[in-house]
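The values are calculated or read from the model by the stated rules, or taken from the named source; none is laboratory data. Quick caveat: nothing in here was measured; it's all calculated off a predicted structure. Here Cβ is always computed from backbone atoms with ideal geometry, including for glycine, and neighbour counts include all displayed protein chains.
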Amino acid sequence: FNKIPLYPPFPKWDLKYSPLWQRGVRGDFKNFPLFHSIFKAKFRNGFTLLEVIIVIGIITLMAGILVPMVYRVWESQEIDTTKERMTKLKEAMVGNISQLSNGVRSNFGFVGELGQLPPDFDALISFTNTNGTFGPYLSGGIDPQSFKKDAWGNNLIYNFTTDTFGRRESAIIKSLGADNIIGGTGTAEDIQISIDSNEVFSASSASCNILVRYTTAPDSTFSANITIHVAYKDGEGLEIEQSFISPVTITGYVGNSQNNYTFGMNSALTQKLPIGMARIWAVIDKNSSGNPLITTGPPAYIAVNDRVSTVYANNLSISVP
């Protein structure tokens, strides 16, 4: 450093006499002779071949490390996006078990209003006010094409199975992954969400407690039949019924003051009930004198949840004149 001038004045080849300086591209080196001389020497000599090779090697090494990392992060985001879309499609079909109203599940999706799984993805956005339904079941500005594609732009796969009555009872929603080829590992691995039959059709039996209330206390003992009716959606949004009959004995006698009779009834159902709201009501066929008289009680509305084997209606009643 003894040869480096530390103080002005500078020779004519100083930076301030250069074309860059004259155009206004000035630095602060002119006031610091040490830095001025170092930078001037560096710009004059350039980089050595070894320095260039080292820099290129470092850049190549960093690229080799960072590019796969960035790719994996990007692919991970695409996988998460695809799973999110598939989850929304499933929720549109079978509802959201966490949405409650007064402690009772209130969201049953397409199945809850129609009575079976949809025939395809398009039914989730095109079924509107048919047979008392309230689609579409996907909302929020859904594009009619992209909502059924994965994050790579490939069509999602929807396959369903039917029960012995022809009702769509279970399904899979599937993406073939980044390579759009069946199988694969890593980011190319297939992504699949299943809809189990118990998430669509659950209850296979009904249990009821019925209060029969006579206006006049029976003065003799007689047999009667109580019929339980269960109404639910048929798969197209219309209501259909199942019913089962149970014989009961009404005990009466002269001077009897008992007006109320309680019965418990249980029965298997011919068809499993779809998730959603169902109506249950009771009918008795005799009046207080034991004569034929069909009397129907008011219905009870019950929520048929997924993965339950029995539905319960504990407050059915019939008021008989």
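Checking Thr270, Thr227 one by one, the residue that is of a type in the set (Val, Ile, Thr), surrounded by 14 or more Cβ atoms within 10 Å (Cβ to Cβ) and more than 25 Å from the chain's Cα centre (by Cα) is Thr227 and no other.
Among the residues in the range 207-224, are any under 18 Å from Gln116 (Cβ atoms), of a type outside the set (Lys, Arg) and touching a strand residue (DSSP E or B) at 6+ places or on another chain (Cβ under 7 Å)? Taking every residue of the range 207-224 in turn, none turns out to be under 18 Å from Gln116 (Cβ atoms), of a type outside the set (Lys, Arg) and touching a strand residue (DSSP E or B) at 6+ places or on another chain (Cβ under 7 Å).
The set of residues in the range 178-194 that are assigned to a loop (DSSP other than H, G, I, E, B), touching a Gly at 6+ places or on another chain (Cβ under 7 Å) and at pLDDT 90 or above contains only Asp190.
Annotation note: of Ala282, Ala268, Ala300, Ala278, the sole residue that is modelled with pLDDT of 95 or more, among the aliphatic types (A, V, I, L, M) and more than 21 Å from Asp234 (Cβ to Cβ) is Ala282. Scanning the range 129-188 for residues being charged (D, E, K, R), out of contact with any Ser or Thr (no Cβ under 8 Å at 6 or more places or on another chain) and over 14 Å from Phe110 (Cβ atoms) gives a total of 5.
In the range 310-319, of all residues being of a type in the set (S, T, N, Q) and modelled with pLDDT of 95 or more, the one that is nearest to Val200 (Cα to Cα) corresponds to Thr310.
Inspect all residues belonging to the range 126-147 and state whether any of them is polar (S, T, N, Q) and modelled with pLDDT of 90 or more. No; the residues of the range 126-147 include none that is polar (S, T, N, Q) and modelled with pLDDT of 90 or more.
Counting the residues of the range 161-172 that are among the hydrophobic types (A, V, I, L, M, F, W, C) and either over 12 Å from Met93 (Cα atoms) or touching a Phe, Trp or Tyr at 6+ places or on another chain (Cβ under 6 Å) (or both) gives 2.
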